[in-house]
Amino acid sequence: MKLTDEEKAILDGRDGEPARFFLDMLVTLGRVYDAPYLIPVRSAHVSGLSVRTLGEAGIRWAEDMAAAGARVRVPTTMNVIGIDRAHDLGLPPDWVARQKRVMAAYEKMGCYVTSSCVPYYQGFLPRFGEHTAWGESSAVVFLNSVIGARNNREGGPSTLASAVTGRTPCYGMHLDENRRGGLVCQVTAELGDMSDFGALGAFAAAHAGQGIPVFEGVKAPQLENLVALCASLASWGGIAMFHMTGVTPEAPSTEAALRGGDCERIVFGSRELAEQKEKMSSGVERRVDLVALGCPHCSLNQLAEIARRLEGRHVADGVTLWVQSNVSVRALAAQMGYVDAIEKAGGLVTQDLCVVLSRPEDLGFTSLATNSAKMCFYAPGSNGIPVWYGDLEHCIRAAVTGAW
């Protein structure tokens, strides 16, 4: 791998041991993937910050790095975590204390404590063509696809390495030749809310493998629905990017997205939509005791819609409704009256929390309803809780009746 004089100096220890360690990590990673050199990144987003992900060894490693002087060089945001900094949810005290240690270590290294899977809702928005080093699989798909920035599927250590050194190996999605579409999905179904886009993502992921799907026939999707599609593609498959003809910046046409290549073509119609949504539910008992919305975290528009749908209704006894959001969006929603409306109806607008990275099973929950394809995928394995999957109205009805 060709290194600059600046990079050689960092490897020689000029900027201290943490910078040397992290640059050596990136050089090793680059050699594994045959990257010819390192490239500068303009921002980073560090993932893998939940206690469930890190364990005690990971927490101590982060604390040691912070104590040794590791400091970020580029704007660096922090991913969603396993607690709510605004509310006491009754989670185990040791769990909460360890999660706060993680946050303190990364904050000491200079990271912004955004604690969200959607930092772009908080003003951290790369430009088209910009090279970045973000973790959080749904955000990676969003950057590559919706914005046209360039980002590989990174893990927590590699994103921190890039944050501290300001560099990443040049391979994968940073290269033009790896951004070509490899599967055309003709969408003939009428897509409604985010649960439909989540089903589309799960369907396409099952056919695309590691390739890049190209969606045809989707007309003027809302931003939040694109976010849901990103999250579904990333969780139900190992996908880092999609194209959507006439919507995403690298796909003015299907031909442009395919770049002259040929590929398989599939159809996603009304039958496929209904069948896919049915497959995604793992619930057995129709009784529901937890309804969780906002995975990825809710936007201001979504909080407004949830507040509207709860007007004149109230969450049933024995049911918990969590509406997940981040600190800045929640603050604005509170100013607009949406938080008060949701909480007067018996829900709770959480801050920072991700259900699947937390411990809801410790609170006795046994059946979850959600409109999130990502939560639907992870909750049964991560938390041992079966899931009912459907649109927002279906989830609200489950919250106010206690049944799916």
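The values are calculated or read from the model by the stated rules, or taken from the named source; none is laboratory data. The model shown is predicted, which means the values in this text are computed figures rather than measured ones. Cβ atoms come from the backbone with ideal geometry, glycine included; neighbour counts cover every protein chain shown.
Quick look at the values:
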{"quantity": "Subset of the range 288-301 (residues that are assigned to a helix (DSSP H, G or I) and under 12 Å from residue 330 (Cβ atoms))", "calculated": "300"}
{"quantity": "Per-region count, the range 291-308, residues in contact with a Cys (Cβ under 8 Å, 6 or more places away or on another chain) and under 13 Å from residue 347 (Cβ atoms)", "calculated": "3"}
{"quantity": "Hits in the range 1-44 (condition: in a loop (DSSP other than H, G, I, E, B) and of a type in the set (Val, Ile, Thr))", "calculated": "4, 41"}
{"quantity": "Subset of the range 208-264 [part of a helix (DSSP H, G or I) and more than 21 Å from residue 296 (Cα to Cα)]", "calculated": "208, 254, 255, 256, 257, 258"}
{"quantity": "Lone qualifier among 9, 19 - being among the hydrophobic types (A, V, I, L, M, F, W, C), surrounded by 13 or more Cβ atoms within 10 Å (Cβ to Cβ), over 17 Å from residue 110 (Cβ atoms) and modelled with pLDDT of 95 or more", "calculated": "9"}
{"quantity": "Flag for residue 32 being β-branched (Val, Ile, Thr) and surrounded by fewer than 16 Cβ atoms within 10 Å (Cβ to Cβ)", "calculated": "yes"}
{"quantity": "Whichever residue in the range 118-137 is in contact with a Lys or Arg (Cβ under 9 Å, 6 or more places away or on another chain) and surrounded by 24 or more Cβ atoms within 10 Å (Cβ to Cβ) and, among such residues, is farthest from residue 179 (Cα to Cα)", "calculated": "135"}
{"quantity": "Residue count for the range 265-284, restricted to those that are in a helix (DSSP H, G or I) and of a type in the set (Ser, Thr, Tyr)", "calculated": "1"}
{"quantity": "Residue satisfying all of: in the range 39-60; of a type in the set (Lys, Arg) and touching a residue at least 12 places away in the same chain (Cβ under 8 Å); surrounded by the fewest Cβ atoms within 10 Å (Cβ to Cβ) among these", "calculated": "42"}
{"quantity": "Of residues in the range 321-352 being touching a Phe, Trp or Tyr at 6+ places or on another chain (Cβ under 7 Å) and assigned to a strand (DSSP E or B), the one surrounded by the most Cβ atoms within 10 Å (Cβ to Cβ)", "calculated": "350"}
{"quantity": "When residues of the range 166-195 are limited to those that are charged (D, E, K, R) and touching a Leu at 6+ places or on another chain (Cβ under 6 Å), the one surrounded by the fewest Cβ atoms within 10 Å (Cβ to Cβ)", "calculated": "193"}
{"quantity": "Qualifying residue in the range 368-385 (condition: part of a helix (DSSP H, G or I) and charged (D, E, K, R))", "calculated": "yes"}
{"quantity": "Residue in the range 366-389 that is farthest from the chain's Cα centre (by Cα), counting only those that are surrounded by fewer than 21 Cβ atoms within 10 Å (Cβ to Cβ) and touching a residue at least 24 places away in the same chain (Cβ under 8 Å)", "calculated": "366"}
{"quantity": "Residue check for residue 144: in contact with a helix residue (DSSP H, G or I) (Cβ under 6 Å, 6 or more places away or on another chain) and in a loop (DSSP other than H, G, I, E, B)", "calculated": "no"}
{"quantity": "Selection within the range 178-229 - among the charged types (D, E, K, R) and either in the same structural domain as residue 131 (by TED's automatic domain parsing) or in contact (Cβ under 8 Å) with a residue 40 or more places away in the chain (or both)", "calculated": "179, 180, 190, 193, 196, 224"}
{"quantity": "Filter result for residue 367 (at pLDDT 95 or above, closer than 21 Å to residue 138 by Cβ and not assigned by TED's automatic domain parsing to the domain that holds residue 232)", "calculated": "no"}
{"quantity": "Tabulated pairs, the range 84-101, first without any contact (Cβ under 8 Å) to a residue 24 or more places away in the chain, second surrounded by 12 or more Cβ atoms within 10 Å (Cβ to Cβ) and of a type in the set (Gly, Ala, Ser), C-beta under 9 angstrom, 6+ apart or interchain", "calculated": "96/82"}
{"quantity": "Checking residue 248 against (1) surrounded by fewer than 19 Cβ atoms within 10 Å (Cβ to Cβ); (2) in contact with a helix residue (DSSP H, G or I) (Cβ under 6 Å, 6 or more places away or on another chain); (3) of a type in the set (Val, Ile, Thr), the condition it does not meet", "calculated": "(1)"}
